[in-house]
Amino acid sequence: MQLAPLWSENDRVGEIRDSMLTNPLLIKSELGKGKRSGNALPGPTHVYGTVERVYDGGVPAAIGHWHTMKPRKQETLHKLRRDFAALNKAAIKAGLITPREIYQFRATHDIGILGKKVEKKEGMLPEITFGMPVRPSTPMFDLLENKFQKEWMDEQKARDRIRQKKKTHQVTLVKNYQTRAAVLSKAVPKVDPAPIVHPKRYQKIGPHLDTFRSLKARRAALEANWLDSAARSGPHGHGVYAFE
């Protein structure tokens, strides 16, 4: 039995292999040190990452020349149309005459024909560009000075002046004359309101009882009670007072 290192399990029974020293479940941390990972690091000559091998000549080849792709002719697929004239000739050569035999021959044989090739028009100048011309770029100075806004405002003002001039010089060709019958039809006569009916039973009548012997006695009583007359006046007889 071999003695285990101090930072692993002591008194282990059985065979101790070197692979046990790299097992993180069996390794214990040393006294005063952190726990080891158990993975052995490569040597100082190891280079991390992938090695890229360049076979294109490197920087001198890139500066000196470059590879260009040769243009290839684009292959276009054309759908073949059936050539019925060639099918009929082939059916006659095969000895088929009846419509049923020709129909069966067409179902089992197929002869196609390419579509008509579009001939290139000659006489067109190579420097001609087809399509709509591109609008010239707007100068930045016109945008900064609000040139387009000023032009739009001037157009609106000119349009308003023309509209106002048309209104001032507009001549009324037909004048609407007011006849006497039209004026009388529009006039509303003034109607006096109906008088208010005052029934006799609601009219104010004089008192039936006079407690003063004469008019002189009435005036003397009013002069005597003149100071406290303010307390007996008012709509409800509670007096008239002005508080400030």
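Things to note:
- Residues satisfying the stated conditions in the range 206-221, i.e. among the hydrophobic types (A, V, I, L, M, F, W, C) and surrounded by 10 or more Cβ atoms within 10 Å (Cβ to Cβ): PHE212, ALA217, ALA220, ALA221
- Selection within the range 58-94: residues that are at pLDDT 70 or above and assigned to a loop (DSSP other than H, G, I, E, B). The member of this set that is surrounded by the most Cβ atoms within 10 Å (Cβ to Cβ) is ASP83.
- Yes/no for GLN2 being at pLDDT below 70 and either touching a helix residue (DSSP H, G or I) at 6+ places or on another chain (Cβ under 7 Å) or within 30 Å of GLY112 (Cβ to Cβ) (or both): no
- Contact map, the range 214-236: residues that are without any contact (Cβ under 8 Å) to a residue 60 or more places away in the chain paired with residues that are among the charged types (D, E, K, R) and assigned to a helix (DSSP H, G or I), Cβ distance under 7 Å, separation 6+ or inter-chain. No pairs are found.
The values are calculated or read from the model by the stated rules, or taken from the named source; none is laboratory data. The shown structure was predicted, so the numbers you read here are calculated from the model rather than taken from an experiment. Reconstructed Cβ throughout: ideal geometry from the backbone, glycine too, with neighbour counts over all protein chains shown.
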